[in-house]
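To start, the structure under review is shown below, and the notes come after it.
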C-alpha cells in the first residue's frame, strides 16, 4: 500500500465542512486520514464533475453535455478490466442519473451561471481547496449585481438513518457554504457587485438538499479560523495509523 503524507494541513472545502460538524472522536480519525492518505484506486468522478460544471455554465443548459458524459462512461465501462474500476464507473453512472433527476430541486432557473476556477483558501495555516461547480451572478434593477458560487456534491455517501446524522450532514453543508462565501469574497475581489450569502450554495444531489451561507457567517467564520489554528498547531503530533509503513510513503508539502 502506498501512503501520501501531507506535511502541512490540506482539506477540500466539503471535507473541512464535514470535519467542523463532527464530534471529537470522528475528528481525530479524520485528521489522521487527512495527514496519512492511502493512495489506492478510488471514486473521484473524473468524467462527471467536469460535465456537471460544463452543463451548468452552458448558456442553454445543454443536455447534450450530460449525454456525452454518459457515453464516455459507458465506453470506459466496456474497456475496464479491473473489477474495482468497473464498480467505480457504475457508481459514477448512477451519480449522473441522480444529478439529472435533481435539477428541479436545484432551482437554478433564471440564475446566470458561469465557469468557475479552482482556488485555494489559506485559513490560519490550513490549505482548503475549492472548485465550485459554477459562479453565480444575479442582475438587479437597482444596485450592483449579486455574486456567489455553487457547489454540487454528487457523492452519495453513507445513508443517513437518524435525525442526529441528518443534522450533522446539514451542519457540514452549512459550514461548507460559509467557506464558499469566503471563496467568493476572494474570487470576486475585483468584480463589481455584492457577495450574496443567499447565493453561496452547497447542493447535495442525492438528498436534493441545498444549504446557503447563514446570516451568522461572520461569527461562524471566526470560529472556523480558531479551529484551523488548532489543526495547524497539532498537525505534526498526529500519530500514523497502525498499518502505516514509512518505506512506502511519499511526502507532500
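Give, in nm to one decimal, the length gained when the segment between residue 63 and residue 230 is fully stretched (0.36 nm per residue of separation minus the Cα-Cα distance).
55.6 nm
Using only Cα atoms, what Kirkwood radius does region 84-153 have, in angstroms?
For region 84-153, the Kirkwood estimate is 14.9 Å.
Once you have the Cα-Cα distance between residue 46 and residue 85, take 0.36 nm times their residue separation minus that, and quote the gain in nm to one decimal.
Here the answer is 12.9 nm.
Just need the relative contact order of region 80-207 here, percent rounded to a whole number, with Cα pairs under 8 Å and 6+ apart.
Relative contact order, region 80-207: 27 percent.
Taking every DSSP beta bridge that has both residues in the chain, what percent is antiparallel when rounded to the nearest 5?
Percent antiparallel among DSSP bridges in the chain is about 60.
Residue 198 to residue 12: FRET efficiency via 1/(1 + (r/R0)^6), r the Cβ-Cβ distance, R0 35 Å, to the nearest 0.05?
E between residue 198 and residue 12, to the nearest 0.05, is 0.90.
For mean projected area of the Cα convex hull in nm², the choices are (i) 15.4; (ii) 17.2; (iii) 19.2; which was calculated from the structure?
Given (i) 15.4; (ii) 17.2; (iii) 19.2, the structure-derived one carries the label (i).
At a Förster distance of 45 Å, what's the computed FRET efficiency of residue 71 paired with residue 237, Cβ-Cβ distance as r, to 0.05?
Efficiency, rounded to the nearest 0.05: 0.35.
Have a look at 99, 203, 188 and tell me which one the Gaussian network model of the chain (Cα, springs below 10 Å) gives the largest fluctuation.
188
For region 115-253, what proportion of DSSP beta bridges, expressed in % and rounded to the nearest 5, is antiparallel?
65 percent
At a Förster distance of 41 Å, what's the computed FRET efficiency of residue 223 paired with residue 247, Cβ-Cβ distance as r, to 0.05?
0.55
Find the relative contact order for region 176-249 and round it to a whole percent, using C-alpha pairs within less than 8 Å whose residues are 6+ positions apart.
27 percent
How big is the Rg/Rh ratio for region 1-111, C-alpha atoms only, Rh by Kirkwood, two decimals?
Over the Cα atoms of region 1-111, Rg/Rh equals 1.05.
7 Å from Cα along Cα→Cβ at both residue 112 and residue 144: what's the point-to-point distance in nm?
Spacing of the two 7 Å Cα→Cβ label points: 1.5 nm.
In whole Å, how far is the Cα centre of region 1-19 from that of region 127-149?
Between the Cα centres of region 1-19 and region 127-149 lies a distance of 26 Å.
What percent do you get for the relative contact order of the chain when only Cα pairs under 8 Å and 6+ apart count?
Result for the chain is 28 percent.
Each value in this text was obtained by applying a stated rule to the coordinates, not by laboratory testing. As the structure is a prediction and not an experimental result, all values here were calculated from the model. Using ideal geometry, Cβ is built from the backbone for each residue, glycine included, and neighbour counts are taken over all protein chains shown.
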